[in-house]
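Reading through the structure tokens given below for one structure.
The values are calculated or read from the model by the stated rules, or taken from the named source; none is laboratory data. As the structure is a computational prediction, the values presented were derived from the model and not from experiment. Using ideal geometry, Cβ is built from the backbone for each residue, glycine included, and neighbour counts are taken over all protein chains shown.
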Amino acid sequence: MSTPERESKSQTAYRWIRERIAAGTFGPGYRLVLSALATELSMSVVPVREAVRALTAEGLVVFERNVGARVAAVDGAQYRFAMQTISVLEGAATALAAPFLTRDDTARARELNDVVRHRLPDIDPRVFREVNQELHRTLYAKCPNPRLLALIHAEWMRLGHLHGSLSHIAPGRAAAVVPEHAALIDLIESGAPAAEIERAAREHRAGSSTADLTARHPGPDPDSIGPPLSEGA
């Protein structure tokens, strides 16, 4: 397999395993057999073990006695807290990116929204989530704060294997996101204040996580996370 220049074997193994966890190829509970992974990667077990240790430190992998390494499952509380975090981060990033978005960017976001609109009411859950993620990335990718973008990426990497593996869409949610997306894009195109854009993006993400969790993981409302960051303390 091709690797970036100067990447160590443990870094190669780490990246390779992490990508498959994020994509859902190695889903929650998947057993990571070091010898099998080493064979797949054409390397010894040592760098694979180092990679798995790094993934364990990130919370993507857990060790179980008499079982070994497994891809970590994410319970309802963990998912709720992660989505709260993503709601805050993406809301801020979208607001910061808004002044830098071009007509082509917002047109692309509208095209993606139309993909969902035209496939209702029977859109495939995986397609829905992929299109939804791309739409949001389009709206926040030009955020001038690279640290904020790195934090968003890290949170989605931690949750990607769970979120992408969900086999359903909360009833009515796919239809609800279409006007929410349109309203957010309208705000951006109209040059609305950053706080207004941030709140709309944040409440939209929180609404999606609430819908996902209502039936499966009862608990506190993810919307209850305070005012937008841009409004201050």
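One table, with the values for the structure above:
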| quantity | calculated |
| --- | --- |
| Spans of helices (runs of 4 or more DSSP H) in segment 1-72 with at least 2 residues among the basic types (Lys, Arg) | 9-23, 45-57 |
| Members of segment 119-132 that are part of a helix (DSSP H, G or I) and touching a helix residue (DSSP H, G or I) at 6+ places or on another chain (Cβ under 8 Å) | Arg119, Val127, Phe128, Arg129, Val131, Asn132 |
| Odd one out for Ile86 among (1) part of a helix (DSSP H, G or I); (2) of a type in the set (A, V, I, L, M); (3) in contact with a helix residue (DSSP H, G or I) (Cβ under 7 Å, 6 or more places away or on another chain); (4) not assigned by TED's automatic domain parsing to the domain that holds Ile185 | (4) |
| So Arg108, is it surrounded by 15 or more Cβ atoms within 10 Å (Cβ to Cβ), within 12 Å of the chain's Cα centre (by Cα), assigned by TED's automatic domain parsing to the domain that holds Asp186 and among the charged types (D, E, K, R) | no |
| Check on Asp114, outside the structural domain of Ala23 (by TED's automatic domain parsing) and in a loop (DSSP other than H, G, I, E, B) | no |
| Filter pass, Ala73 being in contact with a strand residue (DSSP E or B) (Cβ under 9 Å, 6 or more places away or on another chain) and modelled with pLDDT under 85 | yes |
| Those residues of segment 27-84 which are among the charged types (D, E, K, R) and either under 18 Å from Gln11 (Cα atoms) or free of Cβ contacts under 8 Å to residues at least 12 places away in the same chain (or both), in sequence order | Glu40, Arg49, Glu50, Arg53, Glu58, Glu64, Arg65 |
